[in-house]
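Below is one structure, written out as structure tokens, with a few remarks after it.
The values are calculated or read from the model by the stated rules, or taken from the named source; none is laboratory data. On a predicted model such as this, the values are computed, not experimentally measured, just so you know. In this analysis, Cβ positions are derived from the backbone assuming ideal geometry, glycine residues included, and neighbour counts consider all displayed protein chains.
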Amino acid sequence: MLDLGLTPQKALQRAYQRDPDAIEKWQRETFPSIAKQAKADGAEIFFWDESGFRADTVHGKTWGIRGQTPVVSRPGQRQSISAASAVNANGAFWFCTYEGGLNAELFVELLGRMMKYRRKPLHLVLDGLPAHKTALVKKYVASTEGRLTLHFLPGYAPDLNPDELVWSHVKRTGTAPRPLQKGEKLRDKIEEQLGKLQQLPHLVRSFFKAPSVAYIGDC
């Protein structure tokens, strides 16, 4: 029998709108330039992203007797919460939770929270969500007088952002294997898990070792 070296695998999903040239330019030119400028400024580089959570979402698989589908209890009430976080290659992690979707006003408020106690300038890398690019956001960034600079990733390339790996980890290990119990609040559980992650800089650093973000190096 001919061995073609094939194995069954779960395919990675990539948007067909991705621009390979833009991605290569980001990795080879744009980000190294950002890292060089941040070093000259005595600044830190963080990668930012948002995500949503639902209490009735169950991920993954479990063991069960053949022919008998396992039943997982979950709350009937559809609790949901949104969160934003930012990660640094040195293991620093910042997060906050909020209700609903993100708009420009809320984004500026969250940026204000993140900047409130910062001593060093911040270069923040994030995606091109419309709420990230409004005139209101630009006005706020200008008001920081160089303490905050935003840099936007190429479109349709979330794999370039190590903060995506944070959300993957949180959803895989948090409420997914253990749905909320009676009386528990989703926001409390998410904040608890993100708070624990904040105390594990070695785990945060490990997200930067993924092949898709190897271009970041030691920033």
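Out of the residues in segment 131-155 meeting the condition of being under 21 Å from the mean Cα position of the chain (by Cα) and among the small types (Gly, Ala, Ser), tell me which one is surrounded by the most Cβ atoms within 10 Å (Cβ to Cβ). Among residues in segment 131-155 that are under 21 Å from the mean Cα position of the chain (by Cα) and among the small types (Gly, Ala, Ser), the one surrounded by the most Cβ atoms within 10 Å (Cβ to Cβ) is ALA131.
Here's the yes/no breakdown for (1) at pLDDT below 90; (2) surrounded by fewer than 18 Cβ atoms within 10 Å (Cβ to Cβ); (3) more than 19 Å from ALA83 (Cα to Cα):
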{"position": "VAL170", "(1), (2), (3)": "no, no, no"}
{"position": "THR173", "(1), (2), (3)": "yes, yes, no"}
{"position": "ALA176", "(1), (2), (3)": "yes, yes, no"}
{"position": "GLN181", "(1), (2), (3)": "yes, yes, yes"}
{"position": "ASP188", "(1), (2), (3)": "no, yes, no"}
{"position": "GLU192", "(1), (2), (3)": "no, yes, no"}
{"position": "LYS196", "(1), (2), (3)": "no, yes, no"}
{"position": "LEU200", "(1), (2), (3)": "no, yes, no"}
{"position": "ALA210", "(1), (2), (3)": "no, yes, yes"}
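Does segment 131-181 hold any residues that are outside any helix (DSSP H, G or I), charged (D, E, K, R) and in contact with a helix residue (DSSP H, G or I) (Cβ under 6 Å, 6 or more places away or on another chain), and which are they? Please lay out each step first, then the result.
From segment 131-181, those outside any helix (DSSP H, G or I) are 133-134, 144-157, 161-162, 174-181; that's our starting set.
Going one step further and asking which of them are charged (D, E, K, R), we end up with 133, 145, 147, 178.
None - no residue of segment 131-181 is outside any helix (DSSP H, G or I), charged (D, E, K, R) and in contact with a helix residue (DSSP H, G or I) (Cβ under 6 Å, 6 or more places away or on another chain), so the list stays empty.
Applying a threshold of 8 Å to beta carbon distances and a minimum spacing of six or more residues, or different chains, the list of pairs starting in segment 193-211 at a residue that is more than 10 Å from PHE93 (Cβ to Cβ) and ending at one that is not in a loop (DSSP other than H, G, I, E, B) reads GLN193/VAL170; GLN193/THR173; PHE208/VAL87; PHE208/ILE216; ALA210/LEU165. Could you tell me whether ALA84 is surrounded by 19 or more Cβ atoms within 10 Å (Cβ to Cβ), modelled with pLDDT of 95 or more and among the aliphatic types (A, V, I, L, M)? It is true that ALA84 is surrounded by 19 or more Cβ atoms within 10 Å (Cβ to Cβ), modelled with pLDDT of 95 or more and among the aliphatic types (A, V, I, L, M).
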